[in-house]
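The values are calculated or read from the model by the stated rules, or taken from the named source; none is laboratory data. None of these values were measured; they are calculated from a predicted model. Methodologically, a virtual Cβ is constructed for each residue, glycine included, from the backbone with ideal geometry; neighbour enumeration extends over all protein chains shown. Keep in mind that these areas ignore ligands, DNA and RNA; they rest on the heavy atoms of the full protein, side chains included. Shrake-Rupley method; radii C 1.70, N 1.55, O 1.52, S 1.80 Å.
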2 protein chains.
Amino acid sequence: MQEKVSIVKIGGNLIENEAVLDEFIEGFSKLEGLKILVHGGGKLATQLAEKLGIETKMVDGRRITDAETLKIITKVYGGYANKTIVAKLQARNCNAIGLSGADLNLIRSVKRPVKTHDFGFVGDVEAVNAAALKLLLDHQITPVCCAITHDKEGQLFNTNADTIASEIAKAISKDFETHLYYCFEKNGVLRDINDDTSVIEEIDTNSYQKLLEEKIIADGMLPKLFNCFNALEHEVAKVYIGSIKMITDPQTKKTTITL
Amino acid sequence: MQEKVSIVKIGGNLIENEAVLDEFIEGFSKLEGLKILVHGGGKLATQLAEKLGIETKMVDGRRITDAETLKIITKVYGGYANKTIVAKLQARNCNAIGLSGADLNLIRSVKRPVKTHDFGFVGDVEAVNAAALKLLLDHQITPVCCAITHDKEGQLFNTNADTIASEIAKAISKDFETHLYYCFEKNGVLRDINDDTSVIEEIDTNSYQKLLEEKIIADGMLPKLFNCFNALEHEVAKVYIGSIKMITDPQTKKTTITL
């Protein structure tokens, strides 16, 4: 039987609120077994950009990353957010290590091709170094991965954190039973976006098509669900979308994604 | 016989100049055997602080680190400088991993006690996790350590990079033959600060006392030489001060410190 690894992705909206972050860290550190944390930090990056007078340009909810914006992202995701989380986990005896995709050549990516838009220094994942993650996990070390990758030619790239979480889950599924948790500010995929109790408890390939047609799944949920199904199609055992409470309390309402 | 580890510290003045940094990275990546890089980033932190309108306060050449300054340091040292260096090393097939003292609980420190000045979030090193460094080195991984430590209670601290380099060298000297290189913008300890050719090629405990009395060693060189002798007194095999050229070319003039 393969050992279980929980891969938990936490969004930037949760990180920027220290009380919410602390609640999450408390829960995550108590999560039993091997685990990996993946985090964004978009809101914090936007705040620093504003202070520096650098305009944040978004297309389809994705950040256009010019050279100055990449510096901000490296500072905020790779430095401030990552080290703050690692220090908080270490304080709770979780042996965390902060990583970007450049560290240990963990995630190699390629600049997103220019189609309708040039996203700048945005990388699409090409390869995840599963052996490096296995080395750390085998020593009970908890990787804390920020949303930065590299091309192994010296260039760093901004990369979507949801995608990083699913690519990591896929890559280690040969060696481990992987459970992927997407934590965000809602309780799951909602039937009515204004009603936090309208959680859709299960979405499978069939109901997904129907939800798409009904436009219940739209906008930011589209890439998230793409990542969920992509993971399941590549041997990831379980995929969930919900609030931070779901990782510690199995009774918490959440959305379970299945094929 | 113990395996050799080169511990190379590079100052913030060198990092901020990309051409100099690239020259250093090229040399460091070619350095044979196990190695550890320790870096500061002071000038880059001062630049970001200026842009954000945060005043940089120095006492005796040491930065007073208030909460906002600590955020800047975490962003610049832990994020931008560290990840830039790691990506550049990975591009040259050096399997680098960026670390703060919080990662793997690598360096635990305590807030510097308030005597004449309150340095704020500045940490004095208490313990280095030699086992964690050994694990990485045994897997041919090159740690790239930034000048940040933690108290293992969730607080990050700004910590002098020279001190981090000597404490790491001391800690792993039980397991390895450690050679410690302090790279900076000069060719070594100079007899005449305005004459770059006046390198003092060897300093031992006796000549050190004389140089102190003559005030040839003063200001910023005082803590640097304290770190050098401290390392030698704790089983570090060799300690050098000089330019980045010394790590690749043994013929380069430099200062060798001996007991």
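What the table shows:
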| quantity | calculated |
| --- | --- |
| Every residue from the range B:162-183 that is open to solvent by 10 Å² or more (accessible area, probe 1.4 Å) and within 20 Å of residue B:20 (Cα to Cα) | B:162, B:181 |
| Unmet criterion (only one of (1) open to solvent by 50 Å² or more (accessible area, probe 1.4 Å); (2) farther than 27 Å from residue B:150 by Cα; (3) at the interface with chain B (Cβ under 9 Å from one of its Cβ atoms)) for residue A:151 | (1) |
| Residue within the range A:199-212 that is under 17 Å from the mean Cα position of the chain (by Cα) and not hydrophobic (A, V, I, L, M, F, W, C) present | no |
| Cβ-Cβ under 8 Å pairs, at least 6 apart or on other chains, the range B:210-229 side closer than 13 Å to residue B:255 by Cα, far side in a helix (DSSP H, G or I) and among the hydrophobic types (A, V, I, L, M, F, W, C) | B:217/B:211; B:217/B:225 |
| Breaking point among (1) more than 11 Å from chain A (Cβ to nearest Cβ); (2) in a helix (DSSP H, G or I); (3) surrounded by 16 or more Cβ atoms within 10 Å (Cβ to Cβ), for residue B:7 | (2) |
| Checklist (1) more than 14 Å from every other protein chain (Cβ to nearest Cβ); (2) over 19 Å from the mean Cα position of the chain (by Cα); (3) buried (at least 16 other Cβ atoms within 10 Å of the Cβ) applied to residue B:32, failing item | (3) |
| Residue B:235, sole failed condition from (1) closer than 12 Å to residue B:180 by Cβ; (2) within 17 Å of the chain's Cα centre (by Cα) | (2) |
| Residue match in the range B:189-202 (condition: assigned to a loop (DSSP other than H, G, I, E, B) and crowded, with 24+ Cβ neighbours inside 10 Å) | yes |
| Filtered residues of the range A:129-154 (kept if free of Cβ contacts under 8 Å to residues at least 40 places away in the same chain and in contact with a strand residue (DSSP E or B) (Cβ under 6 Å, 6 or more places away or on another chain)) | A:136 |
| Residue list for the range A:203-224, filter: in a loop (DSSP other than H, G, I, E, B), farther than 20 Å from residue A:10 by Cα and charged (D, E, K, R) | A:204, A:214, A:215 |
| Residues within the range A:225-259 that are outside any loop (DSSP other than H, G, I, E, B), open to solvent by less than 40 Å² (accessible area, probe 1.4 Å) and not hydrophobic (A, V, I, L, M, F, W, C), tallied | 6 |
| First in the range B:110-128 and farther than 15 Å from residue B:158 by Cβ, second anywhere and modelled with pLDDT under 95, Cβ under 9 Å, 6 or more apart | B:116/B:59 |
| Close pairs (7 angstrom Cβ cut-off, 6 or more residues apart or separate chains): among the charged types (D, E, K, R) in the range A:241-253, part of a loop (DSSP other than H, G, I, E, B) and open to solvent by 20 Å² or more (accessible area, probe 1.4 Å) anywhere | A:245/A:252; A:253/A:187; A:253/A:201 |
| Complete set of residues in the range B:73-120 that are within 30 Å of residue B:55 (Cβ to Cβ), open to solvent by 10 Å² or more (accessible area, probe 1.4 Å) and within 11 Å of another protein chain (Cβ to nearest Cβ) | B:75, B:77, B:80, B:84, B:108 |
| Unmet criterion (only one of (1) open to solvent by 10 Å² or more (accessible area, probe 1.4 Å); (2) more than 26 Å from residue B:54 (Cβ to Cβ); (3) within 10 Å of chain B (Cβ to nearest Cβ)) for residue A:62 | (3) |
| Residue in the range B:33-40 that is part of a loop (DSSP other than H, G, I, E, B) and at pLDDT 95 or above present | yes |
| Long-range neighbours under 8 Å by Cβ, at least six apart or interchain, first residue closer than 12 Å to residue B:70 by Cα within the range B:48-59, second acidic (Asp, Glu) and part of a loop (DSSP other than H, G, I, E, B) | B:49/B:55 |
| Test for residue A:186: is it part of a loop (DSSP other than H, G, I, E, B), in contact with an Asp or Glu (Cβ under 9 Å, 6 or more places away or on another chain) and surrounded by fewer than 24 Cβ atoms within 10 Å (Cβ to Cβ) | yes |
